[in-house]
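Structure first, commentary second.
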Amino acid sequence: MVADPGFVVRIPKGMYEEMVTHIAASYPNEGCGLLASKDGQVVKNYPTANAAEHPDDFSEIDSLQLLDISDDIDEYNGEMYSYYHSHPISEAYPSPRDIAWAKHNKLYYIIFSHQYYPKPPYARVFLIGDDDSVTEGKIELV
């Protein structure tokens with residue numbers, strides 16, 4: 001069960017549209033990427049290729065690409081803020097595998113769903129606790 005929205009993730013509208021375009025282009029596979037922040041504000045989108053062995057049901061960022069992103073974020077003293085990915089068939093809700101990964105990196109998890117394809121994907125945002133608890137927040141476009 002998901003709790004009432006306990007937090008708000010603010011994303012610049014143009015950046016969110018870039019995320020949707022990237023996720024839609026990945027269909028029917030899962031798409032993925034990272035958002036970075038500085039001083040608590042989302043400042044950069046890193047759309048990435050899905051390097052998972054089975055991209056139709058999992059998403060993973062290549063370790064070398066992740067290192068490049070980390071180096072870039074360090075250049076402007078930012079921080080990783082959110083991992084985002086898509087679910088091509090199911091709802092935008094963390095799977096057991098998402099929960100296992102999310103509780104280790106402590107990032108916001110934005111999940112897009114193509115459940116109603118060909119309509120555009122919709123997104124929801126979550127925080128995963130060490131106890132596997134799932135808290136849903138709200139995405140606000142600014």
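Derivation of every value follows stated rules applied to the coordinates shown; laboratory data play no part. The model shown is predicted, which means the values in this text are computed figures rather than measured ones. No Cβ is skipped: glycine too gets one built from the backbone with ideal geometry, and neighbour counts run over all protein chains shown.
Near the amide H of Leu34, within less than 5 Å, lie the amide hydrogens of Tyr46, Thr48, Tyr84, all on another chain or at least 5 residues away, with H placed in the peptide plane.
Only Cα pairs under 8 Å and at least 6 apart count here; give the relative contact order of the chain as a rounded whole percent.
On the way: 285 pairs, mean separation 41.9, N = 142.
Once normalised by length, the contact order is 30 percent.
Shown in residue order for the stretch 98-108 are the 3J(HN,Hα) couplings computed by the Karplus curve 6.51 cos²θ - 1.76 cosθ + 1.60 at θ = phi - 60°: 4, 4, 4, 6, 5, 5, 8, 9, 6, 9, 5 Hz (x for Gly and Pro).
A simple spin-label model places pseudo-atoms 7 Å from Cα toward Cβ; at Glu17 and Lys119 they are separated by 2.1 nm.
In order along the stretch 24-32, the phi-based Karplus estimate (6.51 cos²θ - 1.76 cosθ + 1.60, θ = phi - 60°) of 3J(HN,Hα) comes to 5, 5, 7, 4, x, 8, 6, x, 7 Hz; Gly and Pro are listed as x.
The chain: longest stretch without exposed chymotrypsin sites (Phe, Trp or Tyr not before Pro) (DSSP loop, at most 14 other Cβ within 10 Å), sites themselves excluded?
Values: sites that count: Phe7, Tyr76, Tyr116.
In the chain, the maximal stretch lacking such sites is 8-75.
For the stretch 80-90, putting each phi into the Karplus relation 6.51 cos²θ - 1.76 cosθ + 1.60 with θ = phi - 60° gives couplings of 5, 10, 8, 9, 10, 7, 10, 10, x, 10, 8 Hz, in residue order, rounded to whole numbers and with x for Gly and Pro.
As a test of the definition: which semi-axes, in Å, follow for the stretch 8-141 when you take the square root of five times each eigenvalue of its alpha carbon gyration tensor? Largest first, please. Mind showing how you got there, number by number?
Details: eigenvalues 83, 55, 52 Å².
Each semi-axis is √(5λ); the values are 20, 17, 16 Å.
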